[in-house]
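Report on the following structure.
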Amino acid sequence: MATIVASYPNAKDPASPLDIRPVTGRIGAEVHGLALSGDLDGPTVQAIEAALVRHKVLFFRGQQHLDNAEHEALTALFGDPVAHPTVPVAQGSRYLLELDSKEGYAASSWHTDVTFLAAYPKASILRGITIPEAGGDTLWANGETSYEGLPEPLRQLVNNLWAVHSNDYDYAATLAAAGTSADASDTAKERTLYHKSVFASTIYESEHPVVRVHPVSGERSLLLGHFVKRFLGLSEADSARLFNILQDHITKPENTVRWRWQPGDVAFWDNRSTQHRAIADFGLQRRTLRRATVAGDVPVGIDGRESRTTRQERATAGQPA
């Protein structure tokens, strides 16, 4: 059973040698007094890894000293850094993905990173560079407490359910769901074109269990997000209805944490048991962050079956993304 980390969110976590203060009762904790770098010693790295599995997302204030090279060196302490499979790396880096948003645009829909691959990243480390004076917060949701809180009939249903995840989806519809028309501005049109020509330049599809077993803790969590295209054995219409029901359980306020960024902040999350969403409410302000990801293993369902990639091909001209 997933652990609710503390009765009082400001109480120090007694299970860690680090100075960790839970932000909410179910997900998220702030780590105090630690300067992140590629030179952290073994016990500190182990303590961070244990806290990550426990709290799902860790926040570190005041890390302005990190540059691209140090960000990548830090990431390498936790596994093999990997670049995004389709998007070019940020200038001056080997693995970093630049998230440079303006005019209120961000990845404003709930997702787990890169689940269109069978072995998607186990963790992501996001560094805040240019932060709006107001707006641009990020939300994370706990997939383990979401699963635990499902009514028993729904839990029995999802235990044996599998889903197809793909980067081949209707980006304009995603913008509309976030409250933005893809035809509302030149910027929106440019981003739709970018999605088709870059993000979905190679189309991937993978099949994942809807309930993933965490390889470290053994906990069960819901694996969904906006890369889900359909559920195996269900029609598109039935898939859409069931997806919305399950996503509503994941994103209940009780299962989420909201982080208000400051320049130099670092967020480090367990991509195996969470979803996240950037909030696109910052108007014409600039919002720039850089993200590193750590290679992950292939998910395993309750019955022991592993995820698998079923499609990988270059998109053809005119093919919808």
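The values are calculated or read from the model by the stated rules, or taken from the named source; none is laboratory data. Note that the coordinates shown come from a computational prediction; the quantities given were computed from them, not determined experimentally. Positions of Cβ are generated from backbone atoms using ideal geometry, with glycine treated the same way; all protein chains shown enter the neighbour counts. Quick note on the areas: whole protein, heavy atoms, side chains included, nothing else; ligands and nucleic acids left out. Shrake-Rupley method; radii C 1.70, N 1.55, O 1.52, S 1.80 Å.
When the scattering of region 6-97 is computed by the Debye formula from its Cα atoms alone, each counted once and equally, what is log10 I(q)/I(0) at q = 0.13, 0.14, 0.15, 0.16 Å⁻¹? Rounded to two decimals, the profile gives -0.50, -0.58, -0.65, -0.72.
Report the FRET efficiency, 1/(1 + (r/R0)^6), for Leu157 and Arg314, where r is their Cβ-Cβ distance and R0 is 56 Å, rounded to 0.05.
Calculated transfer efficiency: 0.95.
For Val87, the solvent-accessible surface with a 1.4 Å probe is about 20 Å², rounded to the nearest 10.
Estimated at 0.36 nm per residue, the fully extended path between Arg241 and Glu133 surpasses their Cα-Cα distance by 35.1 nm.
Ignoring ligands, DNA and RNA, what percent of the accessible area of region 62-169 is carbon or sulfur (1.4 Å)?
In region 62-169, the share of accessible area belonging to carbon and sulfur is 51 percent.
For the set Tyr120, Tyr95, the ranking by accessible area, highest first and with no ligand, DNA or RNA atoms included, is Tyr95, Tyr120 under a 1.4 Å probe. Between the amide H of Thr274 and those of Gly143, distances stay under 5 Å, these residues lying 5 or more places away or on another chain, with hydrogens modeled in the peptide plane.
Using a probe radius of 1.4 angstrom, the carbon and sulfur fraction of the accessible surface of region 209-249 is 51%. Ordered by 1.4 Å accessible area with all protein chains kept, Ile302, Ile279, Ile20 run largest first as Ile302, Ile279, Ile20.
Taking only alpha carbon atoms, region 243-321 gives an Rg to Rh ratio of 1.02, where Rh is the Kirkwood radius.
Rounded to the nearest whole Å², what accessible area per residue is found for region 224-280 with the 1.4 Å probe?
With all protein chains present, region 224-280 gives 43 Å² per residue.
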